[in-house]
Amino acid sequence: MLKNKNIVLGVTGGIAAYKCVDLVSRLRKKGAEVHVILTKGAQNFVAETAMREISGNSVVTSMWQDIPHYDVEHIALANLADLVLIAPATANLLAKAAAGMADDMLTTTLLATKAPVFFAPAMNSNMYENPVTQNNICALQQRGWHLIPPASGHLACGTDGIGRMPEPSELIEAVEGCFRPKCRSMAGLRVLVTAAGTREPIDPVRYIGNRSSGKMGYAIARAAAELGAEVTLISGPSALPVPPGMNVLQVESARDMRRLVLDAFSSSDIVIKAAAVSDYRVKNTSDHKIKKNDTELTLVLEKNPDILRELGQLKQPQQILVGFAAETQNLVQYAQSKLEKKNLDMIVANDVSNPKAGFNVDTNLIKLLKRDGSIEEIPLMSKKELAYVILSRVMELKNMNGAIE
Ligand SMILES: Cc1cc2nc3c(=O)[nH]c(=O)nc-3n(C[C@H](O)[C@H](O)[C@H](O)COP(=O)(O)O)c2cc1C
């Protein structure tokens with residue numbers, strides 16, 4: 001998707017600039033032509049020579065330098081760009097861009113370009129959460145710029161919080177979406193997706209949960225929306241940002257999820273249940289915090305409703321119902337039996353004992369089992385790419401279904 005695309009990469013003066021050497025190298029491996037602009041601040045963190053060698057192009061470090069290769073005018077790169085990526089984007093750059101300043105090569109290029117602009121803020125969490133920075137980000141988004149949100153974690157300033165620049169592979173995934181053919185193959189379809197794990201209360205402060213992050217379900221919801229579907233995402237608690245362009249409903253427990261899923265089910269054409277719903281809940285939850293004492297504590301668990309089985313019973317012939325099976329052993333056998341018992345059209349089976357698959361990682365390794373007995377092994381790929389593969393198989397089933405009606 002990035003082959004022969006001219007990517008102008010603006011690097012500003014944040015610690016995360018060191019990641020840009022890897023970023024440029026990966027962009028080039030994807031076939032992109034990378035043109036780097038280093039702000040004055042950035043030059044304290046990454047050397048022009050390194051960027052020149054790794055990008056294979058001259059690096060712009062000043063508006064006043066003479067670079068024959070670009071036939072430099074201050075807007076040469078603005079015109080050349082198929083896409084501009086600013087990574088990392090400092091608080092200072094965001095403020096200058098929001099104000100429309102053009103006092104160096106990067107801000108001038110940003111003001112002059114008609115290409116899509118992606119920006120990946122990276123900074124100390126207080127700087128990021130400061131209303132001034134947030135207002136600047138809002139202003140840039142309203143202008144049509146695409147925010148690649150920072151991750152949470154340990155920051156270079158020694159604190160924990162939001163503000164870490166996503167890894168180069170994630171930045172590349174974000175910009176690749178821009179060049180994906182805009183196919184509206186799911187336009188007119190209502191798609192219901194569930195995601196993340198549920199939480200079953202023990203008392204007002206404790207719960208039983210699971211390791212599901214919601215990444216797979218959120219990726220499917222995003223991909224369906226991008227393909228033109230009207231999407232409802234029902235999500236258990238998740239640290240992921242709320243995806244734009246869809247109806248997002250947040251729940252805690254399996255019973256909350258059941259209620260909302262049943263409400264939305266009859267008006268849905270396609271239902272994809274990627275949530276990790278707790279099979280059990282605590283029988284006698286306490287209204288007050290359970291106090292510690294010297295004896296053992298026994299929790300009695302009772303069965304939660306089986307939402308997927310209920311949906312399988314309610315399912316109309318024109319509806320497509322997809323379930324997930326996360327197993328650590330006998331994967332195909334369990335998945336096959338779940339497919340049949342719950343009257344599913346397809347099941348996505350993943351072996352969660354594999355460190356590259358399943359909970360809380362960005363990749364997944366799955367098998368797709370269908371009612372006709374077929375089993376398709378999908379190679380390891382990112383959950384974002386996988387979402388499109390799953391939806392393409394769902395659409396094959398939907399189209400076959402339509403032909404039978
Ligand atoms: C060691 C060091 C690390 C810095 N890291 C960041 C950072 O991660 N994010 C940020 O917004 N500013 C950071 N700054 C402050 C910027 O470098 C400063 O605001 C500078 O003016 C940015 O210029 P530029 O946006 O033109 O690159 C850092 C400063 C220093 C000295």
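Summary of values
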{"item": "Pairs of alpha carbons in region 6-179 whose separation is greater than 20 Å (percent)", "result": "47 percent"}
{"item": "Efficiency of FRET between residue 374 and residue 53 - r from beta-carbon atoms, R0 60 angstrom, step 0.05", "result": "0.75"}
{"item": "5 angstrom amide H check on residue 89, placed H, neighbours 5+ away", "result": "120, 122"}
{"item": "Within a Gaussian network of the chain (alpha carbon springs, distance under 10 Å), most fluctuating of 146, 35, 288", "result": "288"}
{"item": "Neighbour-count order for 77, 297, 2, fewest beta carbons within 10 angstrom listed first", "result": "297, 2, 77"}
{"item": "Summed residue charge, Cβ within 12 Å of residue 111's Cβ, Lys/Arg positive, Asp/Glu negative", "result": "+1"}
{"item": "Distant-in-sequence amide H partners of residue 301 (H built 1.01 Å from N, under 5 Å)", "result": "283"}
{"item": "Loop trypsin sites (Lys or Arg not before Pro), region 185-220 (other Cβ atoms within 10 Å of the site Cβ: 16 or fewer; DSSP)", "result": "211"}
{"item": "Å³ per residue enclosed by the Cα convex hull of region 119-260", "result": "143 Å³"}
{"item": "P(r), alpha carbons of the chain - 20 Å bins starting at zero, rounded %", "result": "24, 48, 25, 3"}
{"item": "Overall Cα dimensions of region 190-404 - principal axes, largest extent first, Å", "result": "63, 34, 32"}
{"item": "FRET E, pair residue 4, residue 151, Förster distance 35 Å, beta-carbon r, rounded to 0.05", "result": "0.70"}
{"item": "Within-12-Å neighbourhood charge of residue 201 [Cβ basis; K, R +1; D, E -1]", "result": "+1"}
{"item": "FRET E, pair residue 313, residue 62, Förster distance 51 Å, beta-carbon r, rounded to 0.05", "result": "0.15"}
{"item": "Pairwise centroid distance, computed over Cα atoms, of region 1-72 with region 274-302, Å", "result": "54 Å"}
{"item": "Angstrom value of the Kirkwood radius, inverse mean 1/r, which spans all Cα pairs in region 97-142", "result": "11.7 Å"}
{"item": "Whichever lysines have a C-alpha closer than 25 Å to that of residue 3, once near sequence neighbours (fewer than 8 apart) are set aside", "result": "19, 29, 30, 114, 182, 383, 384"}
{"item": "Taking 374, 25 and counting other C-beta atoms within 10 Å, the order from fewest to most", "result": "374, 25"}
{"item": "Under Karplus coefficients 6.51, -1.76 and 1.60, residue-wise ³J(HN,Hα) of region 143-158 in Hz, glycine/proline x", "result": "7, x, 6, 9, 7, 9, x, x, 8, 9, x, 7, 9, 4, 6, x"}
{"item": "HN-Hα J in Hz across region 203-218 - Karplus 6.51, -1.76, 1.60, θ = phi - 60°, x for Gly and Pro", "result": "8, x, 10, 10, 8, 9, x, 9, 8, 5, 8, x, 4, 5, x, 5"}
{"item": "Over 25 Å (Cα to Cα) - which of 303/367; 40/96; 215/370 fall in this group", "result": "303/367"}
{"item": "Principal axis dimensions, region 86-192 - Cα atoms, whole angstrom, descending", "result": "45, 35, 25"}
{"item": "Antiparallel %, DSSP beta bridges [both residues in the chain], to 5", "result": "35 percent"}
{"item": "Radius of gyration and Dmax over the Cα atoms of region 300-389, both given in Å", "result": "13.8, 41"}
{"item": "Net charge contributed by nearby residues that have their C-beta within less than 12 Å of residue 383 (K/R +1, D/E -1)", "result": "0"}
{"item": "Helical mean residue ellipticity (222 nm; -39500 (n - 2.57) per DSSP H run of 4+; nearest 500) of the chain", "result": "-9500 deg cm²/dmol"}
{"item": "Distant-in-sequence amide H partners of residue 202 (H built 1.01 Å from N, under 5 Å)", "result": "207, 208"}
{"item": "Karplus-derived HN-Hα couplings along region 299-311 (A = 6.51, B = -1.76, C = 1.60, θ = phi - 60°), whole Hz, x at Gly and Pro", "result": "9, 9, 9, 10, 6, 7, x, 8, 4, 5, 5, 4, 5"}
{"item": "Cα-Cα pairs of region 338-405 separated by more than 18 Å (percent)", "result": "41 percent"}
{"item": "Hydrodynamic radius of region 293-334 per Kirkwood, over alpha carbon pairs, in Å", "result": "14.3 Å"}
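Since every read-out is calculated from the coordinates, none of them should be taken as a lab result. The model shown is predicted, which means the values in this text are computed figures rather than measured ones. So basically every Cβ, Gly included, is an ideal-geometry build from the backbone, and we count neighbours across all protein chains shown.
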